[in-house]
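The values are calculated or read from the model by the stated rules, or taken from the named source; none is laboratory data. Since the model is a prediction, treat every value here as computed from it, not as a measurement. So basically every Cβ, Gly included, is an ideal-geometry build from the backbone, and we count neighbours across all protein chains shown. Areas reflect the complete protein model, heavy atoms only, side chains present, ligands, DNA and RNA absent. Shrake-Rupley method; radii C 1.70, N 1.55, O 1.52, S 1.80 Å.
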Amino acid sequence: MSAQSSAESADAAHFDVVVVGAGFAGMYMLHRLRGLGLSARVYEQGSGVGGTWYWNRYPGARCDVESMQYSYSFSEELQHEWNWSERYAPQPEILQYANHVADRFGLRRDIQFDTRVERAAFDERRNLWQVATSDGKAVTARFVVLATGCLSNARKPDIRGLDRFKGPVYHTGHWPHHPVDFTGLRVGVIGTGSSGIQSVPVIVEQAKHVTVFQRTAQFSIPARNAKLTDEERSWFRANYPEIRRFAREEAKNGIYTELPDRGALDDGDNERRAKYEARWQHGGLTFMSVYNNLALDQAANDTAADFVRDKIVEIVRDPATAKLLTPGSYPIGTKRICIDTDYFATFNRPNVTLVDIKADPIEEVTATAVRSGGNEHELDALVLATGFDAMTGSVAKIDIRGRDGQTLNQKWAEGPRTYLGLMSAGFPNLFVITGPGSPSVLSNMIVSIEQHVDWISDCLVYMRDNAVATIEAEEDAESKWVAHVNEVASATLYPQADSWYMGANIPGKPRIFMPYIGGVGPYRQICNDVAARGYEGFAMTAAEAPRKVAAS
């Protein structure tokens, strides 16, 4: 079996593996499948690679994990040849990196762009997936791998009259692929999650006036972004072996940083504040790693939350605005903490207005304004920074049918059910990369992506070497894993927040904590142990006879 050219693949209409999505997960999956000698076709609804970073082009978009860590580790040459320019890479540079990877490893010939996978049905008689795509074609494959991404299904809010607005309306998760000029315009930004917090300070530099509509105040830490020096890049490269090992095995979130050895209340007030101040000045997500119990103990969490609240009050000059921007309804870190550049200071500008839509909900959008609390906010353009249907939304858009015609959406109607976040019972030979029930969005995504792709690849080798036709999660193992995910989450403060981790941003979506919070290192060990015990918790069927595969 060998990777095929696109022409050969189109003629054969059969692949060993169909991969859905050409983001960082889909690209690495394709690379590994080629190394195994398996034929593969990747379907990507966008016109290029990059996944999240192909669609999210809004002003100020950048990663919240340091670029030297938010990068592939599978190729030593790639690690040394690519020069990141900033501590936190902006979206255009991350997309350039994705394109470099696609070109360097010749991935494009097995990727079909501008094509959605609309249906995938398992043929139990032949043990094959029948896959239908938006171009009217159909192919078969032994395996389907969903590399659809956790944050790739942009959520358009259900606001009365939104379709009547006469000005341009942009969604941060589906931004135009051409420059957007807000010069001289009155711009409304609805939503203050990560994309709102990143985009507002950039938009106000152009716009005549910006009105920010906030439902929930957010905790945000300064990024302290800066240009990377040659010395900093050289240090990372020299220490990559230990940095990567630490991220995989020891770091709870897959990010290299100093691990705390004590709780927040083990230090006195002055020492604790000094530590928070040092991390605040350093910037970034590692603020939450100052102490080891911030996600577990409310009193400990309060010390970190109060520190950030005090910082907001110090930065924002108007007391009423500062009060609105100060979070108070959930523990710090239980929503993904935001990383910003001058977000709070932006509200000191005369051309920025903050509207509290928790107190005064948006009533409707008219042709020229947003009406909230009986007030008309006249606008020329609207930006919807309303996030995503996270973790399950992209999968839910595909009509996936497993054994007995059951759809995945039917099975997940009360919340997603997986074993290890990798497979769902009743859906043989269907893998999910960084699916619900795995660390995914609670981690450095590249670390979790590589772990899942490597695990799936090893599993496919095991099946080939042992003449296994199908693999699927056992219902009992799945139920126990779902219970374990919930048990671990309930021991933390995370379920106290109405976050997208819980699906709380999507009306009608079941409230269930979707990612696994037990940590990247422990999770990796669990997955390795399952494989070492002959894929414990997975049911397998033997191949009846050698299967004829696609011509090489």
Quiz item: Going from most exposed to least, what order do 356, 310 have by accessible area with a 1.4 Å probe?
Solution: 310, 356
Exercise. Using a 1.4 angstrom probe on the protein heavy atoms only, line up 39, 85 by accessible area, largest first.
Key: 85, 39
Quiz item: So, with +1 on the Cβ of K and R and -1 on the Cβ of D and E, and no other charges, what is the size of the charge dipole of the range 395-470 about its Cα centre, to the nearest 20 debye?
Solution: 260 debye
Quiz item: Roughly how many nanometres apart are two label points built 7 Å out from the Cα toward the Cβ at residue 479 and residue 458?
Solution: 2.9 nm
Self-check item: Exposure of residue 244 as accessible area (Å², to 10), given a probe of 1.4 Å and all protein chains
Solution: 20 Å²
Exercise. State whether the range 44-160 is rounded, prolate or oblate according to the following rule on the C-alpha gyration tensor (a ≥ b ≥ c being the square roots of its eigenvalues): a/c under 1.5 gives rounded; otherwise a/b larger than b/c gives prolate, and the remaining case gives oblate.
Key: oblate
Quiz item: Calculated from DSSP H runs of 4 or more alone, at -39500 (n - 2.57) each and per residue, what is the 222 nm mean residue ellipticity of the chain, nearest 500?
Solution: -9500 deg cm²/dmol
Quiz item: How big is the antiparallel share of DSSP beta bridges in the chain, given as a percent to the nearest 5?
Solution: 40 percent
Quiz item: With every protein chain present, what is the per residue accessible area of the range 214-321 (1.4 Å probe, Å²)?
Solution: 51 Å²
Exercise. Arrange the residues 311, 208 by how much accessible surface each exposes, largest first, with a 1.4 angstrom probe.
Key: 208, 311
Practice problem: With the full set of protein chains in place, find how many percent of the accessible area of the range 403-452 is carbon and sulfur; take the probe as 1.4 Å. | Solution: 47 percent
Quiz item: Where Lys and Arg each count +1 and Asp and Glu each count -1, what net charge lies around residue 283 among other residues with Cβ under 11 Å from its Cβ?
Solution: 0
Exercise. State which helices in the chain qualify, where a helix is a whole DSSP H run, it must extend 24 Å or more along its own axis by its Cα atoms, and its mean Kyte-Doolittle hydropathy must be at least 0.0.
Key: 445-465
Quiz item: In the full protein assembly as shown, how much of residue 431 is accessible to a 1.4 Å probe, in Å² to the nearest 10?
Solution: 0 Å²
Quiz item: Accessible surface of residue 29 in the full protein assembly, 1.4 angstrom probe, to the nearest 10 Å²?
Solution: 0 Å²
